[in-house]
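*Asks:* I'd like to ask some things about the structure below.
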Amino acid sequence: MIDNINLNGKLKPADEPFFQSDNRAFKYGDGFFETIRVFNGQIPFLNFHFNRLKATLIQLKFDVPDYFSELYFKNEIQKLIDDKGNYRVRMTFFRSNGGLYTPKNNHPQYVIESNILDNSIYQLNVKGLRLGLCDEIILPKSPLSNLKTCNSLPFVLAGLYCKESEYDDVFLLNGSGDISECVSSNVFLLKNKVISTPALTEGCVAGIMRKVVIEIAKSKQFKIEEKAIKVSDLEQADEIWLSNAIQGIRWVENFNDYRFKNNIAKDFVKLLNERIKEK
């Protein structure tokens with residue numbers, strides 16, 4: 001249950017309406033969001049999130065206020081949390097009201113929400129995930145695909161497909177028929193000492209946890225390949241992981257009757273939690 005939200009720096013009761021009918025995120029999907037994990041009141045990867053949100057503002061042609069900084073948003077998030085709690089925080093940015101497809105102005109507005117979480121560390125899923133392949137949704141290979149925009153219909157429909165098919169998650173394909181990502185996660189494959197993940201040119205979101213996993217892998221002398229991933233590559237992997245900022249790393253146990261292990265995934269979750277403590 002959310003008690004308050006932060007709307008452009010001011011706290012408001014979450015159960016009170018705060019959008020007008022001409023809100024551009026509602027009418028045109030003219031916005032984007034960041035999902036952030038808070039551990040014991042600390043935000044370990046805030047610098048990565050801020051760099052991404054600022055780059056997104058620029059790419060989507062918002063006018064970026066001078067006061068938008070990492071410290072500014074840290075303070076805005078802290079208005080909604082306590083200094084010992086664990087939270088899922090969502091920051092949604094949208095263009096100010098006015099205009100049709102062409103905006104009247106490019107000033108950003110934002111709303112911040114927080115939900116309490118139980119765990120103060122990342123925990124690897126005990127039961128491995130069972131994944132399917134969703135070929136009803138094709139993700140475009142476009143620079144916009146790297147952003148977490150409010151245009152999320154492909155992932156909504158993929159989520160419905162996943163639910164109807166009784167999978168834990170599904171792989172999504174791009175226009176070339178290669179793996180792009182899952183419903184809310186980036187994809188990693190481990191084969192011997194090589195870790196592969198779809199390149200950003202394959203239509204996947206430029207995930208924060210994706211970035212962290214790649215950094216950890218390089219620090220431990222794994223070879224990293226960012227490339228096109230075939231469906232057949234999944235079937236030949238030793239391990240398959242899904243990553244996102246809220247859940248960290250999750251391991252896949254089953255896909256197309258192929259079964260996978262989680263030996264190295266366990267090590268990476270430990271390393272990930274060490275990174276949290278360092279931050």
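Computed from the coordinates by the stated procedures, all read-outs in this text should not be read as laboratory data. Bear in mind the structure is a predicted one, so any value in this text is a computation, not a measurement. Please note: Cβ atoms are built from the backbone with ideal geometry, for glycine as well, and neighbour counts cover all protein chains shown.
*Asks:* To one decimal place, what Kirkwood hydrodynamic radius in Å is obtained for the range 133-190 from all pairs of distinct Cα atoms? Please report the intermediate quantities before stating the final value.
*Replies:* Details: mean 1/r = 0.0854 Å⁻¹.
Here the Kirkwood hydrodynamic radius works out to 11.7 Å.
*Asks:* Given a cut-off of 19 Å, what percent of all Cα-Cα pairs of the range 171-225 lie beyond it?
*Replies:* On the way: 389 of 1485 pairs.
Across the range 171-225, Cα pairs with separations above 19 Å total 26 percent.
*Asks:* Out of these labelled values of log10 I(q)/I(0) by the Debye sum over Cα atoms at q = 0.07, 0.13, 0.15 Å⁻¹, (i) -0.25, -0.83, -1.07; (ii) -0.26, -0.93, -1.22; (iii) -0.39, -0.89, -1.04, which was calculated from the coordinates shown here?
*Replies:* It is the value labelled (ii).
*Asks:* Let me ask something else about it. In what order do His107, His49 fall by count of nearby beta-carbon atoms within 10 Å, going from fewest to most?
*Replies:* Values: His107 14, His49 21.
Exposure proxy ranking, most exposed first: His107, His49.
*Asks:* Right, here's the next one. Under the Karplus relation 6.51 cos²θ - 1.76 cosθ + 1.60, θ = phi - 60°, what is the ordered set of whole-Hz ³J(HN,Hα) values for the range 149-162, x standing for Gly and Pro?
*Replies:* 3J(HN,Hα) across the range 149-162, in whole Hz: 7, 6, 8, 10, 4, x, 7, 4, 5, 5, x, 5, 4, 4.
*Asks:* Something else about it: Which of Thr149, Thr56 comes first, and how do the rest follow, when ranked by fewest Cβ neighbours within 10 Å?
*Replies:* Working: Thr149 17, Thr56 21.
Going from sparsest to densest Cβ surroundings: Thr149, Thr56.
*Asks:* Hey, what's the per residue convex hull volume over the C-alpha atoms of the range 4-116, in cubic angstrom?
*Replies:* Convex hull of Cα atoms, per residue: 94 Å³.
*Asks:* Per the helix-only calculation at 222 nm, which mean residue ellipticity applies to the chain, given -39500 (n - 2.57) for every DSSP H run of n ≥ 4 and division by its residues, nearest 500 deg cm²/dmol?
*Replies:* The helix-only estimate for the chain comes to -8000 deg cm²/dmol at 222 nm.
*Asks:* In which sequence would Arg90, Arg210 go, from the one with the fewest C-beta neighbours within 10 Å to the one with the most? Before the final figure, lay out each step's value.
*Replies:* Numbers: Arg90 18, Arg210 23.
Listed from fewest to most nearby Cβ atoms, that is Arg90, Arg210.
*Asks:* What are the equivalent ellipsoid semi-axes of the range 113-236, built from the alpha-carbon gyration tensor (square roots of five times its eigenvalues), in whole angstrom, biggest first? Before the final figure, lay out the partial values.
*Replies:* Values: eigenvalues 93, 78, 53 Å².
Taking √(5λ) for each eigenvalue gives 22, 20, 16 Å, largest first.
*Asks:* What are the residues whose amide H is under 5 Å from the amide H of Lys191, where those residues sit 5 or more places off or on another chain and H is modelled from the backbone?
*Replies:* Ser196, Asp238
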